[in-house]
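Notes for the one structure printed next.
Every read-out reported here was derived from the displayed coordinates using simple, explicitly stated rules and does not represent laboratory data. Predicted model, so just to flag it, every value in this text is computed and none were measured. Quick reminder, even Gly has a Cβ in these numbers, built from the backbone with ideal geometry, and neighbours come from all protein chains shown.
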């Protein structure tokens with residue numbers, strides 16, 4: 001607890017209700033946070049009031065504040081401009097900061113008997129020729145990769161002429177994207193000509209190269225060099241195909257940047273987020289960037305800071321900034337971006353159509369990058385992010401518990417609990433429950449009993465932090481609003497704020513929607529989340545039915561033995577434990593039956609006589 005809270009709050013309450021920038025400092029005088037406010041008094045005093053309303057990150061920042069300064073401005077817009085400048089200058093610890101690692105990139109053209117091209121980040125004094133510098137590594141890498149495929153240049157690590165004619169062609173040769181100098185399929189002169197064409201393709205674009213190759217193809221055809229003309233024709237088609245591929249883009253908006261933020265944890269306290277940015281010019285994707293940051297407490301506020309910081313680093317601002325969700329102070333940020341560009345800039349959050357598809361593509365990229373960073377799959381990260389967005393959760397769920405009830409006409413009532421961790425089954429935490437609170441059929445009461453027993457086990461084992469000793473981030477029930485309404489009071493009884501939803505099936509027993517307190521949430525637009533919830537529902541159903549069948553089978557076996565005089569539940573249990581099946585019991589002799597724990601000669605003869613009577 002910060003001992004200076006009272007003093008700091010008193011100072012904050014004396015601030016004017018005017019726009020400005022506030023600067024938080026620690027005991028050493030180092031700046032740890034910079035923010036702007038429309039009304040300084042209201043904004044700054046919030047930090048030093050009740051700490052219960054703050055997120056963990058804000059509480060930690062406040063604990064380290066020893067003093068603060070402020071600068072008054074004439075407008076909130078001026079405060080935003082000043083805030084950007086100060087953050088860039090001081091890089092405060094508690095501000096969201098984007099690390100700009102965007103250096104220069106080059107196309108390297110090796111010299112010598114066998115030339116080739118590469119995308120590199122540094123220009124060395126090695127005798128090679130370099131094209132550049134370029135600011136977009138995305139553009140350089142893609143251009144080199146496509147050029148190598150079109151002109152069938154080697155993409156392996158072999159060195160030529162050292163490795164010429166030393167091995168068989170690889171798969172790239174057979175699918176037409178390598179000329180296989182390793183197998184002696186091309187001469188050095190032909191290879192170097194292909195490199196020259198690849199360089200012209202990168203520097204002049206596809207249109208100029210197609211025009212040049214077409215003229216050469218017609219000349220070869222007139223000279224009756226049909227094999228040469230055919231190769232040039234194939235190369236022209238390859239260049240055109242790549243040109244068409246590069247036009248996969250936004251047809252409605254020619255110039256825009258698309259932003260998306262995806263968050264996740266690594267199963268511990270390491271909560272991270274990835275900001276992905278796709279940049280479009282002339283309707284074509286020309287650059288892609290991503291940044292890994294600490295998971296923000298508020299996405300709307302984080303989007304504002306991320307967009308602000310991004311354009312503080314970049315020289316070009318597009319006509320439109322497209323976001324994947326709500327953003328704070330949108331109008332103010334638009335005004336600032338417009339001032340940077342000198343033309344009107346708009347901020348949009350599309351809900352459908354082509355623009356929404358671009359946002360989803362950007363989110364998928366962010367999920368993939370974040371998954372790689374945290375050691376997860378991009379697919380599971382994307383599914384959990386979609387699910388969190390669909391259910392209104394601030395953070396994607398790391399641990400999901402799902403429950404299902406299984407019985408036969410109210411008999412042998414059981415439940416299964418499965419756990420998914422990072423979007424995958426976590427079988428070591430699966431649990432089975434036999435419903436004990438009542439007899440008969442009542443799925444709602446059964447579900448409430450099972451979840452309450454699970455919660456009670458949490459309070460017994462919470463010090464372990466494993467199994468029942470760890471609460472889930474999300475609970476899913478096999479069923480609709482009835483099951484949700486039955487279990488909700490249980491969570492409220494123990495003051496647990498765990499997101500709770502049902503999994504609704506269609507007439508074919510497939511997942512159809514998510515059940516919430518107020519109705520159902522359609523999942524048709526969230527394909528990755530839909531597949532994940534479907535897998536969870538199938539798995540918990542399989543697990544609970546498997547347990548029910550096993551229990552019901554034992555119950556049926558026990559009832560057969562209980563009909564024999566002198567055989568009670570204890571003896572029936574021991575007989576089944578020893579012989580496993582009714583058939584094995586019926587085939588055992590009297591001495592074998594009598595040797596079972598709890599049995600004697602009299603009861604053994606009764607069992608033997610009962611089965612002999614059945615045989616007759």
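If you plug the beta carbon distance of residue 215 and residue 527 into 1/(1 + (r/R0)^6) with R0 = 41 Å, you get a FRET efficiency near 0.30. Compared with the direct C-alpha span, the chain from residue 39 to residue 163 gains 37.5 nm at full extension, assuming 0.36 nm per residue. Each Cα pair under 8 Å and six or more residues apart adds its sequence gap; the mean of these over the residue count of region 256-376 is a relative contact order of 32 percent.
Relative to the longest principal axis of the Cα atoms of the chain, the long axis of helix 226-245 lies at roughly 70 degrees.
Normalising the average separation of contacting C-alpha pairs (under 8 angstrom, six or more residues apart) by the number of residues puts the relative contact order of region 5-90 at 39 percent. By the beta-carbon count within 10 Å of each Cβ, the least crowded to most crowded order of 213, 562, fewest first, is 562, 213. Each residue in 491, 40, 17 was given a count of other beta-carbon atoms within 10 angstrom of its own, and listing them fewest first yields 17, 491, 40.
Note on residue 11 and residue 470: the extension gain reaches 161.0 nm, defined as 0.36 nm multiplied by sequence separation minus the Cα-Cα distance. Beta bridges per DSSP, both residues in the chain: antiparallel share near 80 percent.
On a 0 to 90 degree scale, rounded to 10, what angle separates helix 76-90 from the longest Cα axis of the chain? Helix 76-90 and the main axis of the chain meet at about 90 degrees.
Only helices enter the 222 nm calculation for the chain: every DSSP H run of n ≥ 4 contributes -39,500 (n - 2.57), and dividing by all residues gives -14500 deg cm²/dmol, rounded to 500. Centre-to-centre separation between the Cα atoms of region 338-394 and those of region 72-127: 22 Å. Counting beta carbons within 10 Å around each of 352, 36 and listing the fewest first gives the order 352, 36.
Sort region 399-552 into rounded, prolate or oblate with this rule: let a ≥ b ≥ c be the square roots of the eigenvalues of the Cα gyration tensor; rounded if a/c is under 1.5, and if a/c is not under 1.5, prolate when a/b is larger than b/c, oblate otherwise. It comes out rounded by the Cα gyration axes. Once C-alpha pairs closer than 8 Å and six or more residues apart are averaged by separation and normalised to the residue number of the chain, the relative contact order reads 7 percent. Extension gain for the segment residue 550 to residue 463, taken as residue separation times 0.36 nm less the Cα-Cα distance, is 28.0 nm to one decimal. Note on region 560-616 and region 159-200: Cα centroid distance 80 Å, given to the nearest whole angstrom.
Each of [x] 3, 14, 21, 21, 15, 10, 6, 4, 3, 2, 1, 0, 0; [y] 3, 12, 16, 17, 16, 13, 10, 7, 5, 2, 0; [z] 3, 16, 26, 27, 19, 8, 1, 0 is a candidate for P(r) over Cα pairs in 10 Å bins from 0, in percent; the one calculated from this structure is [y]. Take the alpha-carbon centre of region 8-49, take the same for region 450-504, and report the distance between them in whole Å. About 41 Å separates the Cα centre of region 8-49 from the one of region 450-504. Relative to the longest principal axis of the Cα atoms of the chain, helix 569-579 runs at roughly 60 degrees.
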